[in-house]
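The values are calculated or read from the model by the stated rules, or taken from the named source; none is laboratory data. It should be emphasised that the depicted structure is a prediction, and the values quoted were computed from it without experimental measurement. Quick reminder, even Gly has a Cβ in these numbers, built from the backbone with ideal geometry, and neighbours come from all protein chains shown. To get the accessible areas, we keep the full protein, side chains included, count just its heavy atoms, and leave off ligands, DNA and RNA. Shrake-Rupley method; radii C 1.70, N 1.55, O 1.52, S 1.80 Å.
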Amino acid sequence: VQLVESGGGLVQAGGSLRLSCSASEDFTFDFVAWYRQAPGKQGESIATITSSGTTHYADSVKGRFTISRDNAKNTLYLEMNSLKPEDTAVYYCAARRLSAGKYDYWGQGTQVTVSS
């Protein structure tokens, strides 16, 4: 399965972006997530959604970001509102089955830059 992110770009602080992650085939993974990595910082899991629709967010994005999935379209989304300069990072989508111990499908990443 190949994952391809899109929707990144440059936005002013306070603005919004919607990221998409399209899968090349069936997207019925048990867990799908968005990660991000800022320059010089460790990668961070920011949002996760299970096959049943249960979501979890990192405190840094809670209340501002919304993760959703459309299995019929093989697509994962991340709606990002009230963006801050500290949200600047490369954003990756990832997926795994319940039996996998870690996320083993990753996209190539999309750059999000938030200007102050």
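The fraction of accessible area contributed by carbon and sulfur in the stretch 21-116 is 47 percent, rounded to a whole number (1.4 Å probe; ligands and nucleic acids excluded). Extending 7 Å from the Cα toward the beta-carbon at both THR54 and GLN42 defines two label points whose distance is 2.4 nm.
Surface analysis of the chain yields an accessible area of 52 Å² per residue, using protein heavy atoms and a 1.4 Å probe. Extent of the chain along its three principal axes (Cα atoms, max minus min coordinate, largest first): 41, 27, 24 Å. The slack between GLN12 and SER99, meaning 0.36 nm per residue of separation minus the straight C-alpha distance, is 27.3 nm.
Residue-wise HN-Hα couplings along the stretch 105-116, as the Karplus relation 6.51 cos²θ - 1.76 cosθ + 1.60 with θ = phi - 60° gives them from phi, are 10, 9, x, 8, x, 9, 7, 10, 10, 10, 8, 8 Hz; Gly and Pro carry x.
Over the chain, what is the percentage of antiparallel beta bridges among all DSSP beta bridges, to the nearest 5? Looking only at bridges with both residues in the chain, the antiparallel portion is about 90 percent. Using the alpha carbons alone, the radius of gyration of the stretch 26-86 stands to its Kirkwood radius in an Rg to Rh ratio of 0.99. Across the stretch 38-47, coupling constants 3J(HN,Hα) worked out from phi with the 6.51/-1.76/1.60 Karplus curve, θ = phi - 60°, read 8, x, x, 10, 6, x, 10, 7, 10, 7 Hz, and Gly and Pro carry x. Between the amide H of GLY109 and those of GLU5, CYS93, distances stay under 5 Å, these residues lying 5 or more places away or on another chain, with hydrogens modeled in the peptide plane. Taking amide H as placed 1.01 Å from N in the peptide plane, GLY15 has its amide H under 5 Å from the amide H of LEU83, each at least 5 places away in sequence or on another chain.
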